[in-house]
C-alpha cells in the first residue's frame, strides 16, 4: 500500500501545498491529469471550508491529509481539531435553477460529493475526520 | 492567474489564464469588475488558458453573468478545457452560461 501525508495549517495560502502534493502524487501514482485536477478541487473545497469555518480564531492550527492508494481507490482522510462539522449533512443546492435564482456560493460541498465516489464523516474525540474516496483504474 | 481584455469587433473579450482558486478569486473578481464598466453590452470570456477553477472562481463567473443580465448585456464563454467543462457540467453552470467551442464561434454566434 502506498501512502502520502500533507501537513497544512489554517491559512488559505497552504492551497499551494495541496496543489504541489497532488502534482507529485499524480506523477508518482500515474493518475490521469483530469482525475488529479478534480481531486485537487475536492481537497481545496474541503480545506477551504475548514479554514473559513472550523476555528474560533486565527491561531495556527494543524490540518492533516492522509492519502493512500489501495484496491483501485484513492483514499483521502482530512483531519482537523476544529468545531464539529459534518459536511455530508449539508443541504444540496438546486443546480437546475437559472442564473438569476442561483445563490452566490454553496457549491463547494456539492462539488466534493459530485467528484468523489464516497464521502464519510466521523468525529473522533476532538477531531473531525472527513474521508473522501475516488475510484481509479487499478 | 492572469486577466487581460481587448476589443474585438464590438465585443469586449476578457482572457483569463492560469488557476482560479480560492486564493485568486478575489483578485479576479476585482479585475473583471473594473473591466465591466457597463459600457460594453457584449462580453466574451475566453477561457483558453484557464486550467483550474474551484467554487470560488465559479462564484465570480456567476456574479459576472448576473451583472451582465441586470444591465441588459450578454456574456458568452468560449474555449473551456475539457476538465473545466466537466466542472461546469457538474455544477449546472453549463445550463446557465452560453458556451461556445472557440472564440470565432462566440464572435459569430
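List of remarks:
- Take every DSSP beta bridge whose two residues both sit in chain B; close to 30 percent of them are antiparallel.
- Mean separation of Cα pairs under 8 Å and 6 or more residues apart, divided by the residue count, gives segment B:1-45 a relative contact order of 46 percent.
- Distance between the C-alpha centres of segment B:70-109 and segment A:1-57: 27 Å, rounded to the whole angstrom.
- Only Cα pairs under 8 Å and 6+ residues apart enter the sum, and on that basis the relative contact order of chain A stands at 28 percent.
- Averaged over A:53-65, number of beta-carbon atoms from partner chains that fall within 10 Å: 0
- DSSP bridge pairs, the protein assembly as shown: antiparallel proportion in percent, nearest 5: 70 percent
- Percent of Cα-Cα distances greater than 19 Å, calculated over chain B: 37 percent
- Residues residue A:100 and residue A:127, FRET efficiency given R0 of 35 Å [Cβ-Cβ distance, rounded to 0.05]: 0.25
- Of the peptides B:79-87, A:1-9, the order by per-residue mean of other Cβ atoms within 10 Å, starting with the highest, comes out as B:79-87, A:1-9.
- Average Cα contact separation per residue, chain B, under 8 Å, 6 or more apart, as relative contact order %: 25 percent
- Along its first, second and third principal axes, ordered by size, segment A:26-90 spans 39, 26, 20 Å in Cα coordinates.
- Anisotropy class of chain A from Cα gyration tensor, a/c 1.5 cut: oblate
- The mean count of C-beta atoms from other chains within 10 Å of the C-beta of residues in B:68-74, rounded to a whole number, is 1.
All of the numbers you see were taken from the coordinates with simple rules; none came from a lab. All values derive from a computational prediction rather than experimental measurement. For neighbour counting, all protein chains shown are included, and Cβ atoms are generated from backbone atoms with ideal geometry for every residue, glycine included.
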